[in-house]
Structures are given as C-alpha cells and as structure tokens.
Amino acid sequence: MKKLALQVAILTGLTGVASASFAEESLNVVSWGGAYTASQTKAYHEPWTAKTGQKVINIDKSQNGLSGLRAQVEAGNVSWDLVDILPSDAIVACDEGLAEPLDHDALLAASPDGMPATKDFLAGSLSECFVPSIVYSNIVAFNTEMFKGKQPNSINDVFDLKKFPGKRSLQKKPINNLEWALIADGVPAGEVYDVLSTEEGVQRAFKKLDTIKDSVIWWEEGAQPPQLLADKEVAFASAYNGRIFNAAVNEKQPFDIIWDGQVFELDGWVVPKGKLDKVKDYLRFATDSQRLADQAKYISYGPARNSSAAMVTTHADTGIDMKPHMPTFGPNFSTAIPKDDEFWADNGDELAQRFNAWLVQ
C-alpha cells in the first residue's frame, strides 16, 4: 500500500508539474480575427486552457501571416507559436524554411475509429508543413430585398447587369474573380485552371470582367461585403460564406448565397521554425475529430476531417441544423471549384500585378 501511495503521489506531482509548465508560458496563436477567431476560441482555445491551464493569446495577423513569419524568422526572433494560414502561403513558407515539416501520422490524432490522420483528413489537404482545420468557401451573396421578382442563382447572373441590375462588390484581388469570369464566359468548372494557365485564358477572364467593371465596388476587408449588402449599396457581393451566414442567421439580414461556382479552399496551421516542441500537444488537440466538429457549432465552415462530418450538429446559439450551411453539403458542392493552390503559388504575384494594372485602366 505504501508503494502504491508513493506511485500515486509521484504521478500526481508530475501532472502538477506538467500543468504548471503549460500554464507558465502562453501560446501566441495567429489567426484572422472576427467570427472565425471566435469560433476557434470556443471550439479549442478555451477547452485547451480548461484542460491544461495554458492560456492562448489570439493575434489577428493572418492577413499578413506569411510576411510576418518571414520577418520574424529572418530576424531570429520568432514570437508566434502557431500561424493560421492559407495552403498556398503554407507552401511558400515551407519552401523558404520558415515553417516546420510535420510527420502527420506521428503528430496528429487518429480518428475515433483508429484511422490514421493521413487517411482521415480530406484527400490532398495535408502538405509537408500544413495541417488544415476547415473548408471554407468564396461565394457571391445577394440582398433578397433588391430582387422582388426572379432571384439570382448562378455566377452567370452576377455578370448579367440587364436581368439583375445594381452594383456588385468584389474582392480587390485576382483570385476568385478570374475563375468566376471564366465560368460566366462558358468555361466548365473542371477546366477553369487549364484555361487560366494560358495567356488567352487570362485575357478572356479580364475581358469578361470588363463587362461589369464600371458597376463594381472593390472590397479589401472581410467585414465590408455584409455591410455593403445590408446598406443596399450593392446588390451582389463576393464574400466568405461564414460572414454571410453570420449576417443572415445571427443578424437576421435578408441575404442568400449563390453556391454555384463556389471556390472552396482550406485554411489551417503552420508551425513557425523552432516552435514544434512548444506547440505540438496543442496542435494535436486542436485538430482532432471532435474539436473540428465543434467549430462548426459556431461558424459555417466544414471540418477538414472526414470523421468530423458526422459529428456536426446544430448552431450553438440558434439551434439550427448546420449541415445545409456547410460548403461541402451535397447540393452546395455540386458545381464547386477547388482553389488550385499550386497555380496561385506559381502565378499569384504576376496575376496580381496584371490585376492592379487593369484596375487603373
């Protein structure tokens, strides 16, 4: 009995030391802010703090995540512990040695039925330095009160100023806009990047954008599209689907989403150089099946693990079924375009220059 009591005391002491160690040093986690960071806080930051005592400090810098990470690594003073970033930027960060390569099956939790992480995460979603957490979508939404008759339901309608008059608001960058322009010009979703990889395809996309250019208000911050729609300054606005969900469901705005031609992409984590030992336990926890399903209680982004899909339930505040609001829900996903991260990693800078030049023509 004395021996058993001693073992229990040692284990208890070690647990206390581990908890104290976690609590001593907080985690600096970089993300996007707004409703998205709030969903992360509820789904995994707060549960992690409750479990370990370690605080998670949110830093809203993901908009400049790659450049910030580059600056810190080059200066030899990395204060960020984990960075939420787009896959295309993760590829660059990995190539430049800014992020840690990851052994996914060794690092990440298996599914509840024992499926290794590399088989449970969406096919092709894991890359050398990247772990996805959500699937989100770039969509076009509209204010239903501005169309009393026939309601728009396709990307073609966004480019049809005669049938659906009014201002449009589009993000001030080539990504998504060039893809939508080609779809509206008759290119099948599955051929968009093949066409966009040619000079003729790029010219074709800009020519189609020319047809609505004078009716576009360009946005740069994610909070702008819902506000422009609510104020009826625009009839259509491209946006992140989660922003529109929040405005429509939580704020009761008369918005609807055109799921046709949604450009879906992943978002997730990279570990800055030298930070793996500090953050690996948290990363394993925050990307397990239950945590990713829990995030869908707060925002309409689909979990990046197959095993999480069946765990998605209802919205935490309103109680509505969240499944139909996921980008990956069957009817929403039928004409979806997977953003080609390799294409944008290779061509993004050049197309951004051409886009900015086109804006001032």
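Candidates in segment 93-103 are the residues that are in contact (Cβ under 8 Å) with a residue 12 or more places away in the chain and surrounded by fewer than 19 Cβ atoms within 10 Å (Cβ to Cβ); of these, the one that is nearest to residue 275 (Cα to Cα) is 101.
Taken over segment 171-192, the residue count meeting the criterion of being in contact (Cβ under 8 Å) with a residue 24 or more places away in the chain, crowded, with 20+ Cβ neighbours inside 10 Å and more than 23 Å from residue 222 (Cα to Cα) is 4.
Could you tell me whether segment 232-240 includes any residue that is acidic (Asp, Glu), farther than 22 Å from residue 338 by Cα and at pLDDT 95 or above? There is at least one residue in segment 232-240 that is acidic (Asp, Glu), farther than 22 Å from residue 338 by Cα and at pLDDT 95 or above. Per the listing 156, 64, the residue uniquely open to solvent by 20 Å² or more (accessible area, probe 1.4 Å), out of contact with any Phe, Trp or Tyr (no Cβ under 9 Å at 6 or more places or on another chain), polar (S, T, N, Q) and at pLDDT 95 or above is 156. Here residue 20 meets the list (1) among the hydrophobic types (A, V, I, L, M, F, W, C); (2) open to solvent by less than 50 Å² (accessible area, probe 1.4 Å); (3) at pLDDT below 95; (4) within 25 Å of residue 85 (Cα to Cα) almost entirely, failing just condition (4).
Go through segment 318-345 and give me each residue that's charged (D, E, K, R) and exposed (fewer than 14 other Cβ atoms within 10 Å of the Cβ). If you could, list the steps in order and put the result at the bottom.
In the first step, residues of segment 318-345 are kept if they are charged (D, E, K, R); the result is 321, 323, 339-342.
Residues satisfying the conditions are 321, 342.
Considering the conditions (1) at pLDDT 95 or above; (2) outside any loop (DSSP other than H, G, I, E, B), residue 114 is excluded by exactly one of them, (2). Residues that are open to solvent by less than 20 Å² (accessible area, probe 1.4 Å), touching a residue at least 24 places away in the same chain (Cβ under 8 Å) and polar (S, T, N, Q) within segment 270-308 comprise 287, 289, 295, 300, listed in sequence order.
Considering segment 159-170 alone, what residues qualify as being in contact with a Phe, Trp or Tyr (Cβ under 6 Å, 6 or more places away or on another chain) and surrounded by fewer than 23 Cβ atoms within 10 Å (Cβ to Cβ)? Across segment 159-170, the qualifying residue is only 168.
Examine segment 235-251 for a residue that is among the polar types (S, T, N, Q) and surrounded by fewer than 20 Cβ atoms within 10 Å (Cβ to Cβ), and state whether such a residue exists. Quick ask: steps written out before the conclusion?
Initial filter on segment 235-251 (among the polar types (S, T, N, Q)): 238, 241, 246, 250.
The next check asks that each one be surrounded by fewer than 20 Cβ atoms within 10 Å (Cβ to Cβ); those that pass are 250.
The answer is yes; a qualifying residue exists.
Residue 209 satisfies every condition listed in (1) in a strand (DSSP E or B); (2) buried (at least 18 other Cβ atoms within 10 Å of the Cβ) except (1). Looking at segment 238-254, I want the residues that are within 10 Å of residue 136 (Cβ to Cβ) and among the aliphatic types (A, V, I, L, M) and have a partner that is part of a helix (DSSP H, G or I) and open to solvent by 30 Å² or more (accessible area, probe 1.4 Å) with Cβ atoms under 6 Å, at least 6 apart or on another chain. Which pairs are those? Close Cβ pairs satisfying both conditions: none exist. Among the residues here, residue 261 does not qualify as open to solvent by 60 Å² or more (accessible area, probe 1.4 Å) and on the phi > 0 side of the Ramachandran plot.
State whether one or more residues within segment 111-124 are within 30 Å of residue 71 (Cα to Cα), touching a strand residue (DSSP E or B) at 6+ places or on another chain (Cβ under 8 Å) and open to solvent by less than 20 Å² (accessible area, probe 1.4 Å). No, every residue in segment 111-124 fails to be within 30 Å of residue 71 (Cα to Cα), touching a strand residue (DSSP E or B) at 6+ places or on another chain (Cβ under 8 Å) and open to solvent by less than 20 Å² (accessible area, probe 1.4 Å).
The values are calculated or read from the model by the stated rules, or taken from the named source; none is laboratory data. Predicted model, so just to flag it, every value in this text is computed and none were measured. Cβ atoms come from the backbone with ideal geometry, glycine included; neighbour counts cover every protein chain shown. Areas reflect the complete protein model, heavy atoms only, side chains present, ligands, DNA and RNA absent. Shrake-Rupley method; radii C 1.70, N 1.55, O 1.52, S 1.80 Å.
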